[in-house]
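Just so you know, all these numbers are worked out from the coordinates, no wet-lab data involved. Just so you know, these numbers come straight off a predicted model, no measurement behind them. In this analysis, Cβ positions are derived from the backbone assuming ideal geometry, glycine residues included, and neighbour counts consider all displayed protein chains.
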């Protein structure tokens, strides 16, 4: 296998690694591109004391740490304050805020085992929590807990001591335990129930069937819509939001099932005045045995190509 083929073999894992560090798919792809450029330039000096994979992850981690020196952490609306209650009073978008982005599961590659193995560490709640950690502490946690590197290798990469790495890992674990939502401790429904829940949600959302949606959402469900800072908590407030914002009538929306962050997701298209259906948002769902406990709706049509979807389409799905 030549170097180019080996680089390609590790691309999905590297993008996922940089995404955990940076919270942005686009920033992660840029970081991997920079990693490859540095690797090509430095390959003559690579002494093969480690595998190419380990060497690439070292470079990628340093690229991410350099990037984080000049950027603020990426957030979700619920990290900014209390929920709203009136759908008519949404806060305006703020250019000062940088938002967490979803990660398309197909980018991990064709190996289903890779998706399953990375599922927990890519869940939105986990990646959002990681953004609260200082960059070096974030790197320690990911390298030790996700990539399972020995503490001595992490210490060498970060130019510190093994004791410092272990101490940083303990602090990171404690902070994540404090930040992790309670829903993350709940198991998802079994596959037949999960499939039925997703099918019912898609149909109810397309048809603006609020009665059906009420039966699918948990009592404490959460609905967030970055880059809109306002978010809603509780079934009643979420239903008021959907009633206010979803256009009535048939053939107004199309939802296309996708998968992001190891979680079920839907791409939403909304019918425009030109009769076309235009990309609107990527909605990532958190499922529990009690129902849908959270929806994080990323209102960013530029995300659609990363999911292999067009920005607009001329007809409804079949």
Among 69, 170, 131, whose mean-square fluctuation peaks in a Gaussian network model of the chain (Cα, cutoff 10 Å)? 69
For the chain, set up a Gaussian network in which alpha carbons nearer than 10 Å are linked by springs, and say which option among 128, 260, 236 fluctuates the most. 236
Neighbour-count ranking [beta-carbon atoms within 10 angstrom, fewest first] of 148, 61, 98: 148, 98, 61
So for the stretch 166-246, using the alpha carbon gyration tensor with a ≥ b ≥ c as root eigenvalues (a/c under 1.5 gives rounded; past that, a/b versus b/c decides prolate or oblate), I'd call it oblate
Per residue and in cubic angstrom, what volume does the convex hull of the Cα atoms of the stretch 14-101 have? 105 Å³
Ranked 43, 299, criterion: other C-beta atoms within 10 Å, fewest first: 43, 299
Fewest-first ranking of 18, 64, using other Cβ atoms within 10 Å as the exposure measure: 64, 18
Please give the calculated 222 nm ellipticity per residue for the chain, where each DSSP H segment of at least 4 residues contributes -39500 (n - 2.57) and the sum is spread over every residue; nearest 500 deg cm²/dmol? -13500 deg cm²/dmol
Give me the orientation-averaged projected area of the Cα convex hull of the stretch 185-313, in nm², one decimal. 7.9 nm²
Under a 10 Å cutoff between Cα atoms, tell me which one of 273, 73, 200 has the largest fluctuation in the Gaussian network model of the chain. 273
Antiparallel as a % of all DSSP beta bridges within the stretch 217-318, to the nearest 5? 85 percent
Rounded to whole angstroms and listed largest first, the alpha-carbon spread of the stretch 3-180 along its three principal axes comes to 61, 36, 33
Residue 4 paired with residue 219, simple spin-label distance in nm, labels 7 Å along Cα-to-beta-carbon: 6.1 nm
Once R0 is set to 30 Å, what does the formula 1/(1 + (r/R0)^6) return for the Cβ-Cβ distance between residue 156 and residue 178, expressed as a FRET efficiency to the nearest 0.05? 0.50
Roughly how many whole Å is it from the C-alpha centroid of the stretch 124-143 to that of the stretch 13-36? 14 Å
Tally the DSSP beta bridges in the chain and give the antiparallel ones as a percent, rounded to 5. 80 percent
Rg in Å to one decimal, and Dmax rounded to a whole Å, for the stretch 133-177 via C-alpha atoms: 9.2, 27
Taking r as the C-beta separation of residue 290 and residue 311 and R0 as 35 Å, the FRET efficiency to the nearest 0.05 is 0.50
